[in-house]
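**Q** Below are the structure tokens for one structure; questions will follow.
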Amino acid sequence: MAGAQLWPAPATQRKILTMTRTLLRGRILTFHREPSGSDDTDAYSYIEDGALLIEDGLIRASGGFDDIGPNAHDAELVDHRPHLLMAGFIDAHIHFPQIQTVASWGSQLLDWLNTYTFPAEAAYVDSQHAHAMARHFCTLLTDHGTTTAVAFCSSHKGSAEALFSEAADRDMRLIAGKTMMDRNAPAAILDTPQSGYDDSKALIAGWHGKGRLSYAITPRFAITSTPEQMEMAQTLAREHPECYIQTHLSENPDEIAFTSELYPNARDYIDVYETYGLLGPRTLLGHAIHLKTREIDALAETGAHPVFCPTSNLFLGSGLFDDAGLRARGVRNAIATDIGAGTSFSMLQTLNEGYKVLQLQDQTLHTLRAFHWITRGNAEVLGLEDRIGTLDAGTEADIVVLDSRSTPALALRVDAAESLAEELFALQMMGDDRAVAQTYVSGRPQKSGGQ
Ligand code: GUN
Ligand code: ZN
């Protein structure tokens, strides 16, 4: 800018223009591709004294403070030093109506669904309850540094309306869908093939592509959908290729056995979804733990994405996700909390448990790959890496500010860290919402009193 003024701009001038431009200062970490290890420095940019210029919900400039600061004299400066600025986290599988189901004791998947989950979801027929919970849900996400979620709503159309409208009010990126389920659950949460189709259709018309919102066609899983409902899901997918598809796959042995009873002609579990044309690069399949070779071939051929949900898989005793095995076959995995079988909203804690699940199988999760996974990696799975998941100029200003000294134990550990990778690993293993000093959604700070 010609005749750029020295930083900082006079207070009066800053006041007039604060509403439009903000300059965040801090350490910056953003990924260009998946790193192979900490010495793969071309895969990411790390700037010790970095800056992000934010305007109208977008990152306009990203780089060194010395380069950007002098050209942003009209912007309001928010100095986050010594904290670390990263792209907001992306949770690729979470259940909105299960925020009060977290930590429900004592059983594996099918019992857990029947005993705790289905009754909790029945309450979302009440739209006042759904709206109140949608506020909590979005706040919990951003408190934990998550700025984009891919969410299952309850089977009630109103629950999806509540969540979409709450996200729209916050200009928050959200992918969600009303769960389709027409059998093997209490009547209060069942739809029918026709009503499931009609409600999904109306929600797509009302919300998909509106602002930052996208729709996911959401047959819950094979057990709770009749073949007639699967046909309706197939029709929706054909009519709306722009939408995502989300469901569950091969989480638990009893679930797999029941599925094969219900779909006796299916070659295996994934064949149910394959038969109804539900597999493709916009399909997200929660869990995908107990897979046969043919099922992995089907994933590789169709480009559908397994979603690793480590805290959930440990909590329900479901099994160990074979990340390396799937990757070796060219399958692209996402990672997620799966609240409320998952036990934490934190993607940091999700990485912590994910690391351990892989350790049990002699697999490694390098911390730089881990942080790539919950940002750009999940964004790539969603086909959204040009909009979210990085701090690149031109992308949406969803940003998390991490304080790696947020607790005494973390501070002591980080005092002894000798590299960025060591600091990040401490955050991954010991961090949670306390390490999230601030979260920006579309450039707006979400944590009151956040720093
Ligand atoms: N499979 C079908 N529904 C669910 C659910 O709500 N949670 C989990 N973990 N698995 C499922
Ligand atoms: Zn799930």
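**Q** Please go through the stretch 269-286 and pick out each residue that is basic (Lys, Arg) and without any contact (Cβ under 8 Å) to a residue 60 or more places away in the chain.
**A** Filtering the stretch 269-286 for residues basic (Lys, Arg) gives 282.
None; the set is empty.
**Q** Are there any helices (runs of 4 or more DSSP H) wholly within the stretch 97-195 with 2 or more residues that are within 30 Å of LEU84 (Cβ to Cβ), and if so which?
**A** Working: elements: 109-112, 118-122, 127-143, 157-170.
Fully inside the stretch 97-195 and qualifying: 127-143, 157-170.
**Q** Name the residue, out of ALA437, ALA409, ALA417, that is surrounded by fewer than 20 Cβ atoms within 10 Å (Cβ to Cβ), among the aliphatic types (A, V, I, L, M) and not in a helix (DSSP H, G or I).
**A** Details: ALA437 fails: surrounded by fewer than 20 Cβ atoms within 10 Å (Cβ to Cβ); ALA409 fails: not in a helix (DSSP H, G or I).
Only one candidate passes the filter, namely ALA417.
Per-residue answers, yes or no, for (1) closer than 16 Å to THR439 by Cα; (2) touching a Lys or Arg at 6+ places or on another chain (Cβ under 9 Å); (3) more than 16 Å from ligand 2 (Cβ to nearest atom); (4) free of Cβ contacts under 8 Å to residues at least 60 places away in the same chain:
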site	(1), (2), (3), (4)
LEU84	yes, yes, yes, no
ALA92	no, no, no, no
GLN100	no, no, no, no
ASP111	no, no, no, yes
THR117	no, no, no, no
GLN128	no, no, yes, yes
LYS157	no, yes, yes, yes
ASP171	yes, yes, yes, no
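Condition check ((1) at pLDDT 95 or above; (2) surrounded by fewer than 24 Cβ atoms within 10 Å (Cβ to Cβ); (3) over 24 Å from the mean Cα position of the chain (by Cα)) across all residues:
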| position | (1), (2), (3) |
| --- | --- |
| TYR46 | yes, yes, no |
| ASP66 | yes, yes, yes |
| ASP79 | yes, yes, yes |
| PRO97 | yes, no, no |
| HIS131 | yes, yes, no |
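Quick grid of which residues meet (1) modelled with pLDDT under 95; (2) in a strand (DSSP E or B); (3) of a type in the set (Val, Ile, Thr); (4) buried (at least 22 other Cβ atoms within 10 Å of the Cβ):
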| position | (1), (2), (3), (4) |
| --- | --- |
| SER260 | no, no, no, no |
| GLY280 | no, no, no, no |
| LEU285 | no, yes, no, yes |
| VAL307 | no, yes, yes, yes |
| SER312 | no, no, no, yes |
| GLY317 | no, no, no, no |
| ARG332 | no, no, no, no |
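**Q** Quick check on PRO306: is it in contact with a helix residue (DSSP H, G or I) (Cβ under 8 Å, 6 or more places away or on another chain), within 16 Å of ligand 1 (Cβ to nearest atom), of a type outside the set (A, V, I, L, M) and farther than 17 Å from LEU382 by Cβ?
**A** Numbers: in contact with a helix residue (DSSP H, G or I) (Cβ under 8 Å, 6 or more places away or on another chain): yes; within 16 Å of ligand 1 (Cβ to nearest atom): yes; of a type outside the set (A, V, I, L, M): yes; farther than 17 Å from LEU382 by Cβ: no.
Spelling it out, it is not the case that PRO306 is in contact with a helix residue (DSSP H, G or I) (Cβ under 8 Å, 6 or more places away or on another chain), within 16 Å of ligand 1 (Cβ to nearest atom), of a type outside the set (A, V, I, L, M) and farther than 17 Å from LEU382 by Cβ.
**Q** So, one more: Over 21 Å from PRO97 (Cα atoms), part of a loop (DSSP other than H, G, I, E, B), without any contact (Cβ under 8 Å) to a residue 60 or more places away in the chain and over 22 Å from the mean Cα position of the chain (by Cα): does that describe ASP297?
**A** Details: over 21 Å from PRO97 (Cα atoms): yes; part of a loop (DSSP other than H, G, I, E, B): no; without any contact (Cβ under 8 Å) to a residue 60 or more places away in the chain: yes; over 22 Å from the mean Cα position of the chain (by Cα): yes.
The answer is no for ASP297.
**Q** While we're here: With the requirement that a residue be part of a strand (DSSP E or B), β-branched (Val, Ile, Thr) and farther than 17 Å from GLY443 by Cβ, what does the stretch 40-71 give you? Before the answer, list the steps.
**A** The first filter runs over the stretch 40-71 and keeps only residues part of a strand (DSSP E or B), leaving 44-55, 58-64.
Remaining after also requiring β-branched (Val, Ile, Thr): 47, 54, 59.
The answer is ILE47, and nothing else.
**Q** Also, I was wondering about something else. Just for the stretch 179-188: of the residues that are closer than 14 Å to PRO219 by Cβ and surrounded by 15 or more Cβ atoms within 10 Å (Cβ to Cβ), which one is nearest to the chain's Cα centre (by Cα)?
**A** Initially, the stretch 179-188 is screened for residues closer than 14 Å to PRO219 by Cβ, giving 179-185.
Then keep just the ones that are surrounded by 15 or more Cβ atoms within 10 Å (Cβ to Cβ); that gives 179-182, 184-185.
On the way: THR179: 18, MET180: 21, MET181: 23, ASP182: 27, ASN184: 28, ALA185: 27 Å.
The qualifying residue nearest to the chain's Cα centre (by Cα) is THR179.
**Q** Right, another one. Identify the single condition in (1) more than 23 Å from the chain's Cα centre (by Cα); (2) over 21 Å from ILE175 (Cα atoms); (3) not in a loop (DSSP other than H, G, I, E, B) that LEU236 does not satisfy, given that it satisfies every other one.
**A** Checking LEU236 against (1) more than 23 Å from the chain's Cα centre (by Cα); (2) over 21 Å from ILE175 (Cα atoms); (3) not in a loop (DSSP other than H, G, I, E, B), the one that fails is (2).
This table checks each residue for (1) more than 22 Å from VAL307 (Cα to Cα); (2) out of contact with any Pro (no Cβ under 6 Å at 6 or more places or on another chain); (3) of a type in the set (Lys, Arg).
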position: LYS356; (1), (2), (3): no, yes, yes
position: ARG387; (1), (2), (3): no, yes, yes
position: VAL414; (1), (2), (3): yes, yes, no
position: LEU424; (1), (2), (3): yes, yes, no
position: GLN428; (1), (2), (3): no, yes, no
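The values are calculated or read from the model by the stated rules, or taken from the named source; none is laboratory data. Keep in mind that this is a model prediction, so the values were computed, not measured. Because the Cβ atoms are built from the backbone with ideal geometry, glycine has one as well, and the counts that use them run over all protein chains shown.
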